[in-house]
Amino acid sequence: MTAHTRAGWRKGLVVGAAVLGVMSIAACERKGGRPGSDTGDIRVGLYASLTGDGASFGQSSREGGELAVREINAAGGLLGGRKIDLLVEDDQSRPPDASNAATKLITQDQVVALIGEVASSRSLAVAPVAQRYHVPMITPASTNEAVTKAGDYIFRVCFTDQFQGEALSKFAYTDLHVRRAAVLKDITQDYSVGLTASIQQHFTALGGTVLEPVSYSGGDADFKAVLTAIRRERPDVIFDTGYYQEAAVIVRQARELGMTMPILGGDGWVGNSLANGREALNNTYISNHYSGDNPDPIVQTFVRDYRQVYGHDPDSLAALSYDAVKVLADAITRAGSTDGPKVRDAIATADVVGVTGHLKMNAQRNVVKPAVIQAVTYANGKMALVYKTTINPDAE
Ligand code: PHE
């Protein structure tokens, strides 16, 4: 840790303590704010993996969500001056804890809506809870098809894995000219299992060959045996459909085994410890929701404001979480109410220009958006995501 970040951290502690003090006063004074009530702060719950395997996901989504709330409140709040009070719960990267966190936010804190989660397995654990209590939930980043099928109170502001698998397949087949694909999947994650199926379907439809997918379990640290088995099949591309922590290890061990072919991942590779893959990350590519290089003023303003507040660049999760809060705020405004069913109906007709694209809700409670393909590069001790191309969805 550099002196600079240490000082920043200490300052963070002091500010944190001050904020805690203010929060406890606010808690005593809180009146109203309940679903359907028309006075007091509007309580929104954000549940996230602030600790555990997916900590990078949780921290980014918290920061993005908080930035949106800060802007909305600074601009006067919603419904004639009511501030959003964002209550954040840590689910420790575990589906049962996510479900408990959401239950607490709904039944004790009486939040009017939920923002979360990033990982599809955890959104899937919470969706039935939100549905049962008729509390609208917007997942910023869960791409698994099943998530929004859980019920009519469940929405997302990202594309789905049906499309993400197609985008990755198209890029691999037409831009990288590869034909024979191996796939590694994390069988403990709904996201990875679904994305694998999508790649199998789309890469095959394009004319490529997909070898029998090879399974691992999140948390595994030694992939040499599975990679050796893959090497024997002589693929010219590998898709790793899991999350960033294992991806960093997989790329390193693959390169150590002399496997130089391109390795592709989905959005799940977006996380701080992906950088542990170091030089082995060269010749890898991911599909993503957003690129910070996008010159669009809405993106550049977001990047600038985010840097100012947090001192580092936003990743795609931060951008999606920011967008999810903006969609919710717009829906509350149009509903003229914080009543669950009314807010739900308003989210269902969302049509908002976001940092990650045009957020227009379709009848399946999904948004249809392009994916960006980025090259992951690593040089001079620094990882970067370099924009390559945009893959557009077919017209619906
Ligand atoms: N799409 C992943 C999932 O559903 C989550 C994710 C989104 C991770 C965006 C990183 C970036 O589990």
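The values are calculated or read from the model by the stated rules, or taken from the named source; none is laboratory data. Given the structure is predicted, the values throughout are model-derived calculations rather than measurements. Quick reminder, even Gly has a Cβ in these numbers, built from the backbone with ideal geometry, and neighbours come from all protein chains shown. Quick note on the areas: whole protein, heavy atoms, side chains included, nothing else; ligands and nucleic acids left out. Shrake-Rupley method; radii C 1.70, N 1.55, O 1.52, S 1.80 Å.
Rounded to whole Å, give me the distance from the Cα center of region 333-396 to that of region 286-302.
So the separation of the two Cα centres works out to 11 Å.
Restricting the calculation to Cα positions, tell me the Rg (one decimal) and the Dmax (whole number) of region 57-114 in Å.
Considering region 57-114 through its Cα atoms, Rg and Dmax are 12.9, 38 Å.
Could you work out the Rg to Rh ratio of region 222-294, with Rh taken as the Kirkwood radius (inverse of the mean 1/r over all Cα pairs)?
Rg divided by Rh gives 0.97.
With a sphere of radius 13 Å drawn around the Cβ of Leu211, what net charge do the other residues whose Cβ falls strictly inside it have (Lys, Arg +1; Asp, Glu -1)?
Taking every Cβ under 13 Å from that of Leu211, the sum is +3.
Just the number, please: percent antiparallel of the DSSP beta bridges in the chain, rounded to the nearest 5.
Around 40 percent of the beta bridges assigned by DSSP in the chain are antiparallel ones.
HN-Hα J couplings of region 259-264 from phi, Karplus 6.51/-1.76/1.60, θ = phi - 60°, integer Hz, Gly and Pro as x?
Residue by residue, region 259-264 yields 8, 9, 5, x, 10, 10 Hz.
Binning at 20 Å from 0, report for the chain what percent of all alpha-carbon pair distances ends up in each bin.
Bin by bin from 0 Å, the calculated values are 29, 57, 15, 0.
Rank by packing, highest mean first: peptides 55-65, 315-325, with packing defined as the count of other Cβ atoms within 10 Å averaged across residues.
Listed from highest to lowest mean packing, they are 315-325, 55-65.
Return the FRET efficiency for the residue pair Ala229, Arg132: r is the Cβ-Cβ distance, R0 is 41 Å, and the value is rounded to the nearest 0.05.
0.40
Cα-Cα over 20 Å: which of Lys185/Lys360; Lys170/Lys388; Lys83/Lys369; Lys149/Lys326; Lys83/Lys326?
Lys185/Lys360; Lys83/Lys369; Lys149/Lys326
At a 10 angstrom cut-off on C-beta neighbours, averaged per residue, how do the peptides 114-120, 175-181 rank from highest to lowest?
Ranking the peptides 114-120, 175-181 by packing returns 114-120, 175-181.
Once the Cβ-Cβ distance between Ala221 and His177 is put in as r, and R0 is 25 Å, what FRET efficiency do you end up with, to the nearest 0.05?
So the FRET efficiency works out to roughly 0.15.
Considering only protein heavy atoms, what per residue accessible area in square angstrom results for the chain with a 1.4 angstrom probe?
Per residue, the chain has 42 Å² of solvent-accessible surface.
Let me see the pair-distance distribution of region 220-352: every alpha carbon pair, 10 Å bin width, integer percents in order.
So the P(r) values, bin by bin, are 11, 30, 24, 19, 12, 4, 0.
Taking only DSSP H segments of four or more residues, each worth -39500 (n - 2.57), what value at 222 nm results for the chain once the sum is divided by all its residues, to the nearest 500 deg cm²/dmol?
-13500 deg cm²/dmol
Just to confirm a number: summing +1 for Lys and Arg and -1 for Asp and Glu over residues other than Gly292 whose beta-carbon lies under 13 angstrom from that of Gly292, what do you get?
Overall, the nearby charge balance is -3.
Given the options Ala346, Tyr322, Tyr378, identify the residue whose Cα lies farthest towards the positive end of the charge dipole of region 274-383 (+1 on Cβ of Lys, Arg; -1 on Cβ of Asp, Glu).
Ala346
Only helices at least 24 Å long along their axis, Cα-based, and averaging 0.5 or more on Kyte-Doolittle count here, so list those DSSP H runs from the chain.
For the chain, where a helix must reach 24 Å along its axis and average at least 0.5, the hits are 3-29, 316-335.
Using the Kirkwood radius over Cα pairs, work out the Stokes-Einstein diffusion coefficient for region 38-80 at 10 °C and 1.306 mPa s, in µm²/s as a whole number.
Estimated via Stokes-Einstein, D reaches 135 µm²/s.
Multiplying the sequence separation of Lys104 and Thr51 by 0.36 nm and subtracting their Cα-Cα distance, what value in nm do you get?
Between Lys104 and Thr51, full extension yields 17.3 nm more.
Would you please state which residues of region 157-185 a label at Thr260 would reach in this model, taking the label point 7 Å out along Cα→Cβ and a backbone N cut-off of under 11 Å?
none
Quantify, in whole percent, the carbon and sulfur part of the accessible surface of the chain (1.4 Å probe; protein heavy atoms only).
About 52 percent, which is the carbon plus sulfur part of the accessible surface.
Once both labels are modelled 7 Å past Cα along the beta-carbon direction, what's the Asn392-Ala74 spacing in nm?
Once both label points are built, they end up 3.5 nm from each other.
Given an 8 Å cut-off on Cα distances and at least 6 residues of separation, report the relative contact order of the chain as a percent.
Relative contact order here is 16 percent.
Please give the peptides 129-141, 359-371 ranked by average Cβ packing (other Cβ atoms within 10 Å per residue), highest first, as a rough proxy for protection.
Descending mean neighbour count gives 129-141, 359-371.
Order Arg122, Arg304, most accessible first, counting only protein heavy atoms with a 1.4 angstrom probe.
So, going from the largest accessible area down, we get Arg304, Arg122.
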